[in-house]
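> Can you keep this structure in mind? I'll have questions shortly.
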Amino acid sequence: MASVRPIEGRAPPAAVAAPATQRAHAVTLSAVPQPAPPRPHRPVAPGVTLDGGWDRRLSRGMVAPDRTIDLHGHTLQSAYSLLDHALDRAIRDGSRVILLVTGKPPRKESERPHARGAIRAAVGDWLAASRHADRIAAVRGAHPRHGGTGALYIVLRRDRQAP
C-alpha cells in the first residue's frame, strides 16, 4: 500500500487499512460458528396450509366443490348446527372442498346496527372452535362463479389412513 499513488484530482482515503496480520486474526475469529439464537415457536396462520397449486385453482374457480352448505334463512344457532353436521358428513364421505354459502356481507355504507351479515361474521370463529378444526386445511373466499363474496371454500385435509 505504501507504493500506491492516489489518482490525480482525488483526495487520499482518510482511514488506513490495518496490517495483514490483524486482518487475518479478525477473519479467523469471525469464522468460528456461533450457535443460532432460538426461534420462537409460531403457530401456522390460518389459511397458509395450501400449496400454490391449490390457491391458484381456487382463485380461478377451477375447483368443483364436492358439497354445498347454504346457510341462508337460518338463525345463528340453526346455522351453527347445520354447519357442524354438514362438516361431519363431509369428513365421513371423504369430501375435500365444501362451498359454504353465507350471503354477502353488509355494505360499508349501510346503517349500523343491522342484523345482516351475522352468520358471515361468525363463521370464522365457528370453524376455528369447531370439533373438526384439525381437519380443516384452509378457508378461502369463493370465486364469483361460486358466489364470490357471499360464499367460502372450506378445504378439508386428506385422510392419510384411507387407501
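Just so it is clear, none of the values below were taken in a lab; they were calculated from the coordinates. Model, not experiment: these values are computed from the prediction. As a convention, Cβ positions derive from the backbone with ideal geometry for all residues, glycine included, and neighbour counts pool all protein chains shown.
> Between A133 and K104, with labels modelled 7 Å along Cα→Cβ, what's the label distance in nm to one decimal, could you check?
3.2
> Taking Cα pairs under 8 Å and at least six residues apart, what relative contact order does segment 52-156 come out at, in percent?
Averaging sequence separation for qualifying contacts and normalising by length gives 34 percent for segment 52-156.
> Evaluate the Debye formula for segment 52-156 with equal point scatterers sitting on the alpha carbons, no solvent, and hand back log10 of I(q)/I(0) at q = 0.10, 0.13 Å⁻¹, in q order, two decimals.
Normalising to I(0) and taking log10 leaves -0.27, -0.46.
> Order by neighbour count: I91, I7, fewest other Cβ atoms within 10 Å first, most last.
I7, I91
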